[in-house]
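The values are calculated or read from the model by the stated rules, or taken from the named source; none is laboratory data. The structure presented is a predicted model; accordingly, all values stated were derived computationally and were not measured. In this analysis, Cβ positions are derived from the backbone assuming ideal geometry, glycine residues included, and neighbour counts consider all displayed protein chains.
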């Protein structure tokens, strides 16, 4: 099986990759195709929209966090029963975590997957210059296959024909259509990117995008390009490092899930299930009490935007603090970490009481953005592993941590270039909270450790070792 696939890349960020991806997912779904979506890079928001547009779980692939073999095998497994796969890139086609290498770039992933690229270009203010742009992008890396071009924000059919003629006369690349500018087909954004699919609610946005694609894109030509993808060869890793299946009592894992906490990689949750976990969704914002659980997972999200509702739910905050104090295991990332501090100060300077597990305050400021890949080295044995264990993830937030007492860390962080980024991994009792978002797929032992710790907490077994 050659896994028909198309890679959606842009000349730069903000050019409309997500709009094009969602439109294609919806359009091919309307044609009766089983379409598998993927997102390159550390992103939670776009995959949520992918899922609603396609009806299938979107998977993240990553050139820095994953090995090439892991990317290829993850792609194969997710797309094995799909008729077509659509992979959305990140940033510009050649942008990466370094100005001098391709590591982590969309181009690197397209080559790992041997996927034909559809290049999205903002055609709103150009004509023949588009040919020069396409020529440059196709010649910059000859190992990359730029198979087609889609123009975005083109107001008229006449303008589109000028662009199409210029590109196809000067290059060997086919222009497969365009999108008109339409504010009704745009997802609103904010400080961490687009609004989440959870916040957006049920709308007809995806159907409208699909309809727009059917009107101005050559879907037959796009599908033909996808079906011309070469056989994907490579060493199959078989996911042998995944947490083993666990028989016996299921471990109840509380997953904080509402507009304040909704950033989870599907693979993380599935590995927890495979290790013996039963996932129980609850809302720290609106549920009156904490469900009966053996482990809590507080993911990232937007606690700063929903701080008033979180503060108002006093019983939930008190129950989570009590769970932590009696040794209940909690794993938290970014927004979850913020919720576990004593107080949260939002962008307007207003302060709110949080769960109070850690003696600190988180302060949100628009001009304090932290963004980038992180490698955490364990300095004290913890849920991440033994001393010296290295795990990879990313940070993306607009808040800083202000200590209001003694804080204990179990890890040190470096960025993708190896520069020191301070400490990460706050710990207290069986609680571990990081600003870094981790992907468990390259590090399945984390999921295993979490479930094992919860198992020991729920029914202590002296002869059963940790990890």
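Of 392, 408, which residue is in contact (Cβ under 8 Å) with a residue 12 or more places away in the chain and surrounded by 13 or more Cβ atoms within 10 Å (Cβ to Cβ)? Working first, answer last.
Working: 408 fails: surrounded by 13 or more Cβ atoms within 10 Å (Cβ to Cβ).
None of the other options fit; the residue is 392.
Among the residues of the range 92-101, just one is at pLDDT 95 or above and out of contact with any strand residue (DSSP E or B) (no Cβ under 7 Å at 6 or more places or on another chain), namely 94. When residue 93 is tested against (1) under 24 Å from residue 149 (Cα atoms); (2) surrounded by fewer than 23 Cβ atoms within 10 Å (Cβ to Cβ), exactly one condition is not met: (2).
Can you give me the number of residues within the range 287-304 that are within 20 Å of the chain's Cα centre (by Cα) and surrounded by fewer than 23 Cβ atoms within 10 Å (Cβ to Cβ)? Steps first, please.
Of the range 287-304, the ones within 20 Å of the chain's Cα centre (by Cα) are 297-304.
From what is left, the residues that are surrounded by fewer than 23 Cβ atoms within 10 Å (Cβ to Cβ) are 302.
Total satisfying the criteria: 1.
A single entry from 269, 281 fulfils the requirement of being touching a strand residue (DSSP E or B) at 6+ places or on another chain (Cβ under 7 Å), surrounded by fewer than 22 Cβ atoms within 10 Å (Cβ to Cβ) and under 17 Å from residue 446 (Cα atoms): 269.
Going by the structure shown, is residue 428 modelled with pLDDT of 95 or more, surrounded by fewer than 20 Cβ atoms within 10 Å (Cβ to Cβ) and under 16 Å from residue 297 (Cα atoms)? In short, yes. Name every residue in the range 375-406 that is closer than 21 Å to residue 342 by Cβ and in contact with a strand residue (DSSP E or B) (Cβ under 6 Å, 6 or more places away or on another chain), in order of residue number. 397, 398, 399, 400, 401, 402, 403, 404, 405 - these are the residues of the range 375-406 that are closer than 21 Å to residue 342 by Cβ and in contact with a strand residue (DSSP E or B) (Cβ under 6 Å, 6 or more places away or on another chain).
To keep it simple, each residue is scored yes or no on (1) crowded, with 23+ Cβ neighbours inside 10 Å; (2) over 25 Å from the mean Cα position of the chain (by Cα); (3) modelled with pLDDT of 95 or more.
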{"position": "142", "(1), (2), (3)": "no, yes, no"}
{"position": "153", "(1), (2), (3)": "no, yes, yes"}
{"position": "159", "(1), (2), (3)": "no, yes, yes"}
{"position": "166", "(1), (2), (3)": "no, yes, yes"}
{"position": "169", "(1), (2), (3)": "no, yes, yes"}
{"position": "173", "(1), (2), (3)": "no, yes, yes"}
{"position": "182", "(1), (2), (3)": "no, yes, no"}
{"position": "195", "(1), (2), (3)": "no, no, no"}
{"position": "203", "(1), (2), (3)": "no, no, no"}
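From the set of residues in the range 395-452 that are within 18 Å of the chain's Cα centre (by Cα) and in a strand (DSSP E or B), which is nearest to residue 363 (Cα to Cα)? Looking at the filtered set, the residue picked out is 397. Hey, does the range 104-125 have a residue that's assigned by TED's automatic domain parsing to the domain that holds residue 213, at pLDDT below 95, assigned to a loop (DSSP other than H, G, I, E, B) and surrounded by 15 or more Cβ atoms within 10 Å (Cβ to Cβ)? Checked the range 104-125: at least one residue is assigned by TED's automatic domain parsing to the domain that holds residue 213, at pLDDT below 95, assigned to a loop (DSSP other than H, G, I, E, B) and surrounded by 15 or more Cβ atoms within 10 Å (Cβ to Cβ). Determine whether the range 457-465 contains at least one residue that is in contact with a strand residue (DSSP E or B) (Cβ under 6 Å, 6 or more places away or on another chain) and surrounded by 16 or more Cβ atoms within 10 Å (Cβ to Cβ). No, the range 457-465 contains no residue that is in contact with a strand residue (DSSP E or B) (Cβ under 6 Å, 6 or more places away or on another chain) and surrounded by 16 or more Cβ atoms within 10 Å (Cβ to Cβ). Just wondering, is there one or more residues in the range 365-374 that are assigned to a loop (DSSP other than H, G, I, E, B), closer than 28 Å to residue 449 by Cα and touching a strand residue (DSSP E or B) at 6+ places or on another chain (Cβ under 8 Å)? No, the range 365-374 has no match at all.
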